[in-house]
Amino acid sequence: MTVELIESFLTLVELRNFTKAANKLCISQSALTHRMNLLEEEIGLKLISRSRGNRSLGLTQAGTEFISIANRWLNLSRDTKNFKSDFHQLKLSVASIESISLILGPFFSEQAFIPSAERNITLDIHVFPSLQVMESIENFEVDIGFTALQRASKYLKIEPIFREKHYLIGNLQSDIRTIDPRTLDPNKELITNWSTDYMHWHDDYLGPTTRPLLAVETALLAASFMKEGVWCIVPSCTVAFLQRASLFYGHSIQVYDMTDAPPDRICYKITHVSPRANRIESIRYFEKNLRIFLKQNQLYL
C-alpha cells in the first residue's frame, strides 16, 4: 500500500467525482481508476460503488469504514517521514470551541513551552465547532480538544476538567440583581446551544415552544445584537468578553443571577485513545501545565 493509493482514495471521498479528484491529483482519470483497482485488490474488498455512465461515486460499507483507517494510515506515514526532523522539535495541535477558548486563551498565549534547552514545542491553536473538534482528533489532525459536548467514540478519551455557572446578561436597564428569565420577553432572547444539559433545562424551564429573537453560534455574534431589551443566558467564561464586545457595538449590558439557574456547564478535554507517538511527550507537558492553570484560576469540577 502506498501514499498515492491512500491519498487518491481520500480525495475521491472528499470530492465524490472521478473527474474532479483526478484534476486535483494532477493525474488522468484512467490513472485514478487504476489506483483504486490496486487499492481494492490489495485490501480484498470493494470500496467504491460506481454507476455506469455516471462519473460520480458512492462508497460501499467497507469504503465508509475504511475512511478512518485511511486517515490514520496517512498520518502515520507522514509522522514516520517527518520523525527525524520532529525529534528535536515537539509539536502539538489544539482545537477548542470558541467559548472555552475565551477562558483558556491566556493559558495558550503563555505557553512558550521550553521543557529543556534542546527541545521546544510548536503549538498550533484552532477554533472549531464541537463536532469538528472531535472529528479532527479522531482523524489525528488535532492532538487535544476542548468542548462542552460529548459523543460516544471508541477513538476518543473524554475527561471533564472544570465546570462553570450560567448568568443572564442583557441590555435591560434594571437594578434588580436576580431575575427569573420567565419574566422577560421571550421574543427578545438570543439563544445558543452551550451544552446538551443547558438545552434540556431551557426547554423544560422556558418551554420548547418559545420563539427567541435569534439563535446565534458565537459569543461575538451575540454581542452585536445586544440592543435594548435583548437578553441571553451565557456561561461565565463569556461574560467579560461579551461586556467588552458589546461596548464596541455601542451597547451596554448588565449581568444578573437567576432565580433558578441552569445546571453548571461542564467543559471537557479530549484526546485520542492512541495518540501519535511523537506527540505523547508534548501532550503530557501541556496537560501538566493545564492543571496548574486551572488551579490558579480556581476552575474546578
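Observations on the structure shown:
- Per-peptide average of other Cβ atoms within 10 Å, ordering 288-300, 182-194 highest first: 182-194, 288-300
- Accessible area per residue in Å² at 1.4 Å probe, computed on the chain: 53 Å²
- Positive-end ranking of LEU47, HIS126, SER274 along the dipole of the chain, with charges on Cβ about the Cα centre, is headed by LEU47.
- Value at 222 nm in deg cm²/dmol, rounded to 500, when DSSP H runs of n ≥ 4 in the chain each add -39,500 (n - 2.57): -13500 deg cm²/dmol
- Surface composition of the chain: carbon plus sulfur atoms hold 52% of the accessible area, using a 1.4 angstrom probe and ignoring ligands, DNA and RNA.
- Over 19 Å (Cα to Cα) - which of LYS46/LYS81; LYS269/LYS295; LYS157/LYS288; LYS165/LYS288; LYS154/LYS269; LYS154/LYS295 fall in this group: LYS46/LYS81; LYS165/LYS288; LYS154/LYS295
- Around the Cα centre of the chain, unit charges on the Cβ atoms of Lys, Arg, Asp and Glu (plus for the first two, minus for the last two) sum to a dipole of about 780 debye.
- A probe of 1.4 angstrom, applied to the heavy atoms of all protein chains, finds ASP204 with accessible area near 130 square angstrom.
- Options [x] 27, 25, 20; [y] 36, 22, 17; [z] 44, 26, 16 - which one matches semi-axes √(5λ) of the Cα gyration tensor in Å as calculated here: [z]
The values are calculated or read from the model by the stated rules, or taken from the named source; none is laboratory data. Note that this is a predicted model, so its numbers are computed, not measured. Every residue, glycine as well, gets a Cβ built from its backbone with ideal geometry; the counts of neighbours run over all protein chains shown. Keep in mind that these areas ignore ligands, DNA and RNA; they rest on the heavy atoms of the full protein, side chains included. Shrake-Rupley method; radii C 1.70, N 1.55, O 1.52, S 1.80 Å.
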